[in-house]
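So the structure is just underneath, and the comments pick up after that.
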Amino acid sequence: MPLLLPLVAVLLASAAPPEAVPPPRLVVLAVAESSLPSAPGRVRQLAFDADPASYFASGRNTTKADHLTLTFDNPVSLKSVTVVTGRPDGSDALGSGVLEASADGTAFEALATFADGKAAAAGKGRLVKALRVRPTEDAAHPLVVREFTIDSDPQVVTFRYPIEFTLDVTDAPEMQAWGDKVVRVCERQYPSLCDDLASTGYRPPTEIRLVMKKDYDGVAAAGGGRITGSVKYFKQRPNDIGAMVHETAHCVQNYRARGLPGWLVEGIADYERCWKYEPGTARPLNPDRAQYNGSYQVTAAFLAYVCDTYDYRAVTKLNAALRAGKYDPSIWKELTGKPVEELNQEWRRSLAK
Ligand SMILES: [Zn+2]
């Protein structure tokens, strides 16, 4: 079959050269877990946020059955680790405990014991998937961990925007496993959300309560550091985790001003959902009917167009204006040089291509 030969030749010629292969990921993400509840405002991720002034504190006294564990997405080659416990004033330091490491996230071995509230160990390149602090005696105080300092290859990323979701499935205990998964997804998406929705002087929430309600008729809603989700809806559509990412975006937006354009508030939340969390899944729009202020996914697509075409920080700048209560339609001209009506026509023409 001689006709095939040129095709084979073309395929071989277009095979990616070795240098075009994407490099391995240079960073690893972590999850912070504990057997202990967190004290208000002292969430787990504060033990690994590169800020020794902030700290995790448990909401009850610690026992030798408790732990605080950092689990990494992938094992890293550990060079060194230091863990400092106790509050900045020196109280509640761990008197008796071990710092342990695990290669598989399950079986742990002692790396160092705590002395004066501190434990440090050289890693010598050992592969580590998880590190944990474990008291070896019951204590008459909470577990307080100021900071893990980890040097490894690749580096484990610290929590830039510490966040902790509390899940309340009292109404539907059978949704516990589903809720745990959702909470983990939203915590992972949080740094990206907070980067996109950053503004000067603004600190995003560190605690969000996710409550699943049987008598809630909508899909989900956010307000006051709380997300309410419909048991009925999410039982029917357990894969619609993006709806919770959308609500998490509302928690970060946290706008207080009145009279804001609802289409833009929802459009930004759906931009975070559809273009950042679930890229490539947005439904095609009808160019004859789409309008920039169509809200939700329609406005999200318009925002993506403006970001891609004019200013990749457009969503961040719009968010800052909304948060400051200074949104005005003239902002589109400041961002792009064109009024929003003109951008709208341009965007709709691009949809028709
Ligand atoms: Zn919404």
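The values are calculated or read from the model by the stated rules, or taken from the named source; none is laboratory data. The shown structure was predicted, so the numbers you read here are calculated from the model rather than taken from an experiment. Here the Cβ positions follow ideal geometry from the backbone for every residue, glycine too, while neighbour counts run over all protein chains shown. Just the protein is used for accessible areas: all its heavy atoms, side chains included, with ligands, DNA and RNA removed. Shrake-Rupley method; radii C 1.70, N 1.55, O 1.52, S 1.80 Å.
Report, in degrees rounded to the nearest 10, the 0 to 90 angle that the Cα long axis of helix 296-309 makes with the longest principal axis of the chain.
Approximately 90 degrees, to the nearest 10.
Determine ³J(HN,Hα), in whole Hz, for all residues of the range 271-283 in sequence, where each value follows from phi through the Karplus function 6.51 cos²θ - 1.76 cosθ + 1.60 and θ = phi - 60°; x replaces Gly and Pro.
Ordered by residue, 3J(HN,Hα) equals 4, 5, 6, 7, 9, 9, 7, 10, x, x, 10, 5, 6 Hz.
Once the Cα gyration tensor of the chain is diagonalised, what are the square roots of 5 times its eigenvalues, in whole Å and ordered largest first, as equivalent ellipsoid semi-axes?
The three semi-axes for the chain are 41, 29, 20 Å.
Using the Karplus curve 6.51 cos²θ - 1.76 cosθ + 1.60 with θ = phi - 60°, work out ³J(HN,Hα) for each residue of the range 55-65 in order, rounded to whole Hz, and write x for Gly and Pro.
Whole-Hz 3J(HN,Hα) from phi for the range 55-65: 7, 7, 9, 7, x, 8, 5, 8, 10, 6, 8.
Between E207 and residues 5 or more places away or on another chain, which pairs have amide H atoms under 5 Å apart, with H built 1.01 Å from N, and which residues are they?
E164
Can you give the Rg/Rh ratio of the range 262-352, where Rg is from the C-alpha atoms and Rh is the Kirkwood radius?
Details: Rg = 12.1 Å, Rh = 13.0 Å.
Rounded to two decimals, Rg over Rh is 0.93.
Taking the chain as the reference, fit the longest principal axis to its C-alpha atoms, fit the long axis of helix 176-196 to the helix C-alpha atoms, and give the angle between the two in degrees, 0 to 90, nearest 10.
70
Mind checking the angle between helix 340-352 and the chain's longest principal axis? C-alpha axes, 0 to 90 degrees, to the nearest 10.
It is inclined by approximately 90 degrees.
What's the FRET efficiency of D328 with D151 using the Cβ-Cβ distance as r and R₀ = 35 Å, to the nearest 0.05?
The pair D328/D151 has a calculated efficiency of 0.15.
According to the square roots a ≥ b ≥ c of the eigenvalues of the Cα gyration tensor, what is the shape class of the range 164-253, taking rounded for a/c under 1.5, prolate for a/b larger than b/c otherwise, and oblate for the remainder? Before the final figure, lay out each step's value.
Details: a/c = 2.04, a/b = 1.93, b/c = 1.06.
Prolate, because a/c is 1.5 or more and a/b exceeds b/c.
Would you calculate, for the chain, the mean residue ellipticity at 222 nm contributed by helices, counting each DSSP H stretch of 4 or more residues as -39,500 (n - 2.57) and dividing by all residues, to the nearest 500?
Rounded to the nearest 500, the figure is -9000 deg cm²/dmol.
Considering only protein heavy atoms and a 1.4 Å probe, what is the carbon-and-sulfur percentage of the accessible area of the chain?
53
Nearest 5 is fine: what % of DSSP beta bridges in the range 164-253 come out antiparallel, could you say?
Approximately 30 percent, going by the DSSP bridge assignments.
Along the charge dipole of the chain, pointing to its positive end and built from +1/-1 on Cβ of Lys, Arg, Asp and Glu, which listed residue (A47, A172, V219) has its Cα farthest out?
V219
With r defined as the distance between the Cβ atoms of Q345 and K235 and R0 fixed at 56 Å, what FRET efficiency is calculated, to the nearest 0.05?
My answer for the efficiency is 0.85.
Along each principal axis of its Cα atoms, how long is the range 95-211 end to end? Whole angstroms, biggest number first, please.
Over the range 95-211, Cα extents along the principal axes are 40, 37, 30 Å.
Antiparallel versus total DSSP beta bridges in the range 27-156: what percent is that, nearest 5? Before the final figure, lay out the partial values.
On the way: 40 of 42 bridges.
About 95 percent, rounded to the nearest 5.
So for the range 99-225: antiparallel DSSP bridges make up what percent, rounded to the nearest 5? Before the final figure, lay out the partial values.
Working: 9 of 14 bridges.
That works out to approximately 65 percent antiparallel.
Roughly how many nanometres apart are two label points built 7 Å out from the Cα toward the Cβ at A110 and D217?
6.1
Under the Karplus relation 6.51 cos²θ - 1.76 cosθ + 1.60, θ = phi - 60°, what is the ordered set of whole-Hz ³J(HN,Hα) values for the range 128-141, x standing for Gly and Pro?
Taking θ as phi minus 60°, the curve returns 10, 9, 8, 10, 9, 9, 9, x, 9, 9, 5, 10, 8, 8 Hz for the range 128-141.
For the modelled label position 7 Å from the Cα of A352 along Cα-to-Cβ, which residues of the range 274-300 have backbone nitrogen atoms closer than 16 Å?
Within reach of a label on A352, which here means backbone N under 16 Å from a point 7 Å along Cα→Cβ, the range 274-300 contributes 285-292.
Quick one: compute the contact order of the range 164-253, relative version, from alpha carbon pairs under 8 angstrom and 6+ residues apart, as a percent.
So the answer I get is 32 percent.
Can you give me the accessible area per residue for the chain, using a 1.4 Å probe, in Å²?
Numbers: 17940 Å² over 353 residues.
Ligands and nucleic acids excluded, the figure is 51 Å² per residue.
When we measure straight from the Cα of K276, which lysines land under 26 angstrom away, once same-chain ones fewer than 8 places off are left out?
The qualifying lysines are K181, K235, K317, K326, K333, K338, K353.
Using alpha-carbon pairs under 8 Å, 6+ residues apart, how would you state the relative contact order of the range 262-352 in percent? List each step's numbers first, then the result.
Details: 97 pairs, mean separation 27.1, N = 91.
Over the range 262-352, the number comes to 30 percent.
Dipole of the range 235-302, Cα-centred, from +1 at each Lys and Arg C-beta and -1 at each Asp and Glu C-beta, to the nearest 20 debye?
Charge dipole, the range 235-302, about its Cα centre: 120 debye, nearest 20.
Would you give the gap between the C-alpha center of the range 275-296 and the C-alpha center of the range 60-131, rounded to a whole Å?
Cα centroid of the range 275-296 versus Cα centroid of the range 60-131: 46 Å apart.
How far apart, in nm, are the 7 Å Cα→Cβ label points at D288 and Y255?
Calculated label separation equals 3.2 nm.
For Cα pairs less than 8 Å apart in space and 6+ apart in sequence, what is the mean separation divided by the residue count of the chain, i.e. the relative contact order in percent?
Answer for the chain is 13 percent.
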